[in-house]
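**Student:** Encoded as structure tokens, here's the structure I'll be asking about.
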Amino acid sequence: MGLFLFGNKGRREEQEAQFRRRIEEQLSKLIEGKEEEQRLLDALSGGVRQAGADIRKHNMALEDCLDVLEEQQEAETQSRKKIKELEEMEEKMLRLLETYQEQVWNMSKYAAEHDPAWTAQLELTQEVVKGAESGCGIRSVDESDVKVDYTLHEVIEIRDTEEKEKSQTVAEVFCPGCVYRGVTRKKAKIAAYRYIQTRGNTP
């Protein structure tokens, strides 16, 4: 009987020892798992903090870029406004010059017919103005005896001629034209020759 009780007691102790070992192993694994979770949480927290810092830096850089972009857009707007003002002023000055050219031209024509003493003075004035015009990219279209160029001339009168070499040349300029930087602003109004072959007095 005593041996039986001793044997049962030994088994129970062995079972209890095994149970304790299993509990200890499970607790040890649980503690290790908790520690691993804590390490992961710490790493995740560090990553979140770093991401937050990076985002703040990026936001600051983005704000700086937006500020620079806004300044550039404002400068571009001011530049466009200034360019438009200059273009409008240029257009007004060109119109003034064209009016002046036309008036001097008409005065020269009138002087040639009614007061020749003024002709030389007006021709000198025109030459001085032409010199200044060429420096500004401006050219007057006012020459006679040159080939008709329909990009420069507007033919408003036809004059017949028996001289074949004069065909399609400018006979007379009624109103001068103007070319600015290679672009025709105003065509010269002209009379042009047309060759007519005749036999005796019959065209």
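The values are calculated or read from the model by the stated rules, or taken from the named source; none is laboratory data. Just so we're clear, the structure is a prediction, and the values are computed from it rather than from any experiment. Note that we place each Cβ from the backbone using ideal geometry, even for glycine, and neighbour counts take in every protein chain shown.
**Student:** Quick one: is residue 16 surrounded by 10 or more Cβ atoms within 10 Å (Cβ to Cβ) and modelled with pLDDT under 80?
**Tutor:** Answer is yes for this residue.
**Student:** Here is a list: 165, 172, 157, 127. Which entry is within 21 Å of residue 192 (Cα to Cα), outside any strand (DSSP E or B) and over 35 Å from the mean Cα position of the chain (by Cα)?
**Tutor:** When all the criteria are applied, what remains is 165.
**Student:** Also, quick follow-up: Against the conditions (1) of a type in the set (Asp, Glu); (2) in a loop (DSSP other than H, G, I, E, B); (3) without any contact (Cβ under 8 Å) to a residue 12 or more places away in the chain, where does residue 143 fall short? Just the number, please.
**Tutor:** Exception for residue 143: condition (3).
**Student:** Among 24, 85, 63, which is the only one that is without any contact (Cβ under 8 Å) to a residue 60 or more places away in the chain and within 30 Å of residue 185 (Cα to Cα)?
**Tutor:** 85
**Student:** Please work out if residue 125 is farther than 29 Å from residue 176 by Cβ and surrounded by 10 or more Cβ atoms within 10 Å (Cβ to Cβ).
**Tutor:** Considered against the rule, which asks whether it is farther than 29 Å from residue 176 by Cβ and surrounded by 10 or more Cβ atoms within 10 Å (Cβ to Cβ), residue 125 comes out as no.
**Student:** Now for a different question. Can you confirm whether residue 132 is touching a helix residue (DSSP H, G or I) at 6+ places or on another chain (Cβ under 8 Å) and without any contact (Cβ under 8 Å) to a residue 12 or more places away in the chain?
**Tutor:** no
**Student:** Please go through region 148-166 and give me each residue that is touching a residue at least 12 places away in the same chain (Cβ under 8 Å) and over 12 Å from residue 184 (Cα atoms), ordered by number.
**Tutor:** The answer is 148, 155, 156, 157, 158, 159, 160, 161, 162, 163, 164, 166.
**Student:** Taking residue 142, is it under 18 Å from residue 108 (Cβ atoms) and either under 43 Å from the mean Cα position of the chain (by Cα) or surrounded by fewer than 14 Cβ atoms within 10 Å (Cβ to Cβ) (or both)?
**Tutor:** Against the criterion (under 18 Å from residue 108 (Cβ atoms) and either under 43 Å from the mean Cα position of the chain (by Cα) or surrounded by fewer than 14 Cβ atoms within 10 Å (Cβ to Cβ) (or both)), residue 142 qualifies.
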